[in-house]
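A short write-up of the structure that comes next.
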Amino acid sequence: MKNIWFTIYVASKDVEKFNGLANYRTLLEFLLISAVQDKLDRTKKVNKIMFCLIPDLEEDSIDNFIKNYFNGRKPALGIINLEASTKGIDWNDLSDKKKKALLIDKWKVLFSNLSDDYFLIDKSEVLQSLEALKTIEWTLSSSIFKKKLRYKKEIYEIIMNLSVEKATLTMVRLSDQKSFKLKEYDTWKIMTEANFKNFNILEGDILRLENSSIFGSPQFFDLKDLVQ
């Protein structure tokens, strides 16, 4: 079964009011998959849960939300959506801590007003899991391929390290755990140009990473200059 897509969006006219939101949104999606997804009833056929941040909205549209996702109903097209107010809040002026708290609080509004039959456990446990995200470092590190890379008689793992500031693609030599940075990206680009599905070595030293999208270009790294 595919992961639920937890996402946050804004209207195109408001994009400049939410600089950097895409990085927070991308990393938070992975955190929510871990913290919340297994607590939801997948028989509801929910595939996307999201909220829209709206600066001109007086308050969160809770009444409409409750009407749309009442007890016993499966959401249309598998989508759950909340219109969330940011009236009086200047996202671009918030600290990192306050940005994280704002996003978590909006997720709490969404889940606290979602009908109980969407949950496998008591809803309060989901809200506790969300609140706990305020206290942890928003960083993730994972291997992006199952197979390992063999280069000059050494074995390497290709890792993507994520934070709200950046995504760092690295090679880790397994014999001594030494890391070699390949490239840095904006975090949100792990969904586009930094979304890789395979790799191979060309001409002995050139690492080629194949993009998951048929429209995405492969990326090349000269390992003889990067790995010491």
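Structure above, values below:
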quantity: Qualifying positions in the stretch 42-84 - of a type in the set (Gly, Ala, Ser) and closer than 17 Å to residue 111 by Cβ; calculated: 61, 78, 84
quantity: Single match in 176, 225 (criterion: more than 30 Å from residue 99 (Cβ to Cβ), outside any loop (DSSP other than H, G, I, E, B) and acidic (Asp, Glu)); calculated: 225
quantity: Residue under evaluation residue 119, criteria (1) surrounded by 17 or more Cβ atoms within 10 Å (Cβ to Cβ); (2) in contact with a Ser or Thr (Cβ under 6 Å, 6 or more places away or on another chain), criterion not met; calculated: (2)
quantity: Identity of the residue in the stretch 11-37, assigned to a loop (DSSP other than H, G, I, E, B) and buried (at least 19 other Cβ atoms within 10 Å of the Cβ), that ends up nearest to the chain's Cα centre (by Cα); calculated: 36
quantity: Residues being in contact with a strand residue (DSSP E or B) (Cβ under 9 Å, 6 or more places away or on another chain) and either farther than 17 Å from residue 132 by Cβ or not assigned by TED's automatic domain parsing to the domain that holds residue 127 (or both) - total across the stretch 90-106; calculated: 1
quantity: Subset tally (residues that are assigned to a loop (DSSP other than H, G, I, E, B), aliphatic (A, V, I, L, M) and closer than 19 Å to residue 48 by Cβ) for the stretch 101-138; calculated: 2
quantity: Condition check for residue 125: exposed (fewer than 15 other Cβ atoms within 10 Å of the Cβ), touching a Lys or Arg at 6+ places or on another chain (Cβ under 9 Å), of a type in the set (Asp, Glu) and not assigned by TED's automatic domain parsing to the domain that holds residue 19; calculated: no
quantity: Which listed residue is in contact with a Pro (Cβ under 8 Å, 6 or more places away or on another chain) and assigned by TED's automatic domain parsing to the domain that holds residue 128, from 48, 39, 44; calculated: 44
quantity: The listed residue being surrounded by 12 or more Cβ atoms within 10 Å (Cβ to Cβ) and either among the aromatic types (Phe, Trp, Tyr) or assigned to a loop (DSSP other than H, G, I, E, B) (or both), out of 49, 89; calculated: 89
quantity: Matching residues, the stretch 211-222, being within 12 Å of residue 194 (Cα to Cα), assigned to a loop (DSSP other than H, G, I, E, B) and not hydroxyl-bearing (Ser, Thr, Tyr); calculated: 216, 218
quantity: The stretch 207-219, subset out of contact with any Leu (no Cβ under 7 Å at 6 or more places or on another chain) and of a type outside the set (S, T, N, Q), residue surrounded by the most Cβ atoms within 10 Å (Cβ to Cβ); calculated: 209
quantity: Odd one out for residue 167, checked against (1) exposed (fewer than 14 other Cβ atoms within 10 Å of the Cβ); (2) in contact with a strand residue (DSSP E or B) (Cβ under 9 Å, 6 or more places away or on another chain); (3) of a type in the set (A, V, I, L, M); calculated: (1)
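The values are calculated or read from the model by the stated rules, or taken from the named source; none is laboratory data. From a predicted model like this one, the values you see are computed outputs, not experimental measurements. Note: ideal-geometry Cβ built from the backbone for every residue, glycine included; neighbour counts use all protein chains shown.
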